[in-house]
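I have a structure here, written as C-alpha cells, and I will follow up with some questions on it.
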Amino acid sequence: MGYRDHIEIRGAVLNDAAAIADLSVHLGYPASIVQSEDRLKAILGSDEHAVIVACLLDGTVVGWAHVFVAFRVQANRFAELGGFVVSELYRCKGIGTSLFAAAEKWVAEKGIKKLRVRSRMSRVGAKAFYEKLGFSETKEQRVFDKTVGSEL
Ligand SMILES: CC(C)(COP(=O)(O)OP(=O)(O)OC[C@H]1O[C@@H](n2cnc3c(N)ncnc32)[C@H](O)[C@@H]1OP(=O)(O)O)[C@@H](O)C(=O)NCCC(=O)NCCS
C-alpha cells in the first residue's frame, strides 16, 4: 500500500533535530542530537539550503532530504542533494518519491536547471531509486579527504 495519503511533507524545524539524528544512523552517519541541532541551525539559516521531512500523521518523522545550491567558478550554479534517507521501517512505500518531489520543486522554484546527487557505489537500492526518478549517471569520481590542522 502506498503511504502518500498518510504522510505529511514539510520543511524541517529545529525540533526535528533528534529525529533527523536517529534517521542519519540509517544513512550510515551517526550523530548526536546536539550535533544534529547545531548543523540544522546553520543550514536552516540559509536560503541556499532546504531540509524537508516526511512525517506520519502522528508526527513521527520517517524520512528527510537536504538539498542545497552548489556554486562553482567554472560552471553555472546547480543544486545537489546533500543527504536523503527514509527509515528502514518505511521504505518502498513511495515516501522517498514524495520527499524528492518536494526537493525538486524547491530547486525548480529557484530557477535552477540541474540537480545532482552523489551516491556510494555500494548503495545499489539508491541507484535504482534515483534512476527511477529520472537521474542518469554522468561520472565516477575519487573522493579525497584530509584532516586540516594536523602536522604533516
Ligand atoms: C533510497 C531511499 C531513500 C528510497 O526511499 P523509499 O521511500 O524506499 O523510495 P520509494 O518507495 O519512493 O521508491 C521509489 C522507486 O525507487 C525504486 N527503489 C527504491 N528503493 C529501491 C531498492 N532498494 N531497490 C530497487 N529499487 C528501489 C523503485 O523503483 C521504487 O518504485 P516502486 O516501489 O514502484 O518499484 C531509501 O531506500 C533509503 O533511505 N536508503 C538508504 C539511504 C540511501 O541510500 N540514501 C541515498 C543516499 S545517496
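Where nothing but the Cβ of Lys and Arg (+1) and of Asp and Glu (-1) is charged, how large is the charge dipole of the chain around its Cα centre, in debye to the nearest 20?
Its charge dipole is roughly 680 debye.
What's the longest piece of the chain with no exposed trypsin sites (Lys or Arg not before Pro), counting a site as exposed if DSSP puts it in a loop and it has at most 10 other beta carbons within 10 Å?
The answer is 1-117.
Rounded to a whole number of µm²/s, how large is the Stokes-Einstein D of the stretch 36-123 at 20 °C and 1.002 mPa s, given Rh as the Kirkwood radius over C-alpha pairs?
Taking Rh from Cα pairs, D becomes 153 µm²/s.
How big is the chain by Rg and Dmax over its Cα atoms, in Å?
Here Rg and the maximum Cα pair distance are 16.0, 55 Å.
Okay, moving on. Could you work out how far apart the two model spin labels at Leu57 and Cys92 are, taking each label as a point 7 Å from the Cα in the direction of the beta carbon, and quote it in nm?
2.5 nm
As an exercise, find the ratio Rg/Rh for the stretch 1-69 from alpha-carbon atoms, using the Kirkwood inverse-distance average for Rh.
Value, to two decimals: 0.97.
Give me the one-decimal nm value for the distance between modelled label points at Asn15 and Ala108, 7 Å along each residue's Cα-to-Cβ direction.
Taking the simple label geometry, Asn15 and Ala108 are separated by 3.0 nm.
So, in nm, how far is label Arg4 from label Ser119 when the simple model puts each one 7 Å beyond its Cα toward the Cβ?
Result for the modelled spin labels: 2.0 nm.
Loop only per DSSP, at most 13 neighbouring Cβ atoms within 10 Å: give me the GluC sites (Glu not before Pro) in the stretch 43-134, ordered by residue number.
Passing both the DSSP loop test and the Cβ count: Glu48.
Another question about this same structure. Measure out, as a whole number of angstrom, how far apart the alpha-carbon centroids of the stretch 6-22 and the stretch 74-152 sit.
The distance from the Cα centre of the stretch 6-22 to that of the stretch 74-152 comes to 18 Å.
Bear in mind that the values in this text are calculations on the coordinates, not laboratory data. All figures in this text were calculated on a predicted structure; none of them were measured in a lab. FYI the Cβ positions are ideal-geometry reconstructions off the backbone, even for glycines, and counts take in every protein chain you see.
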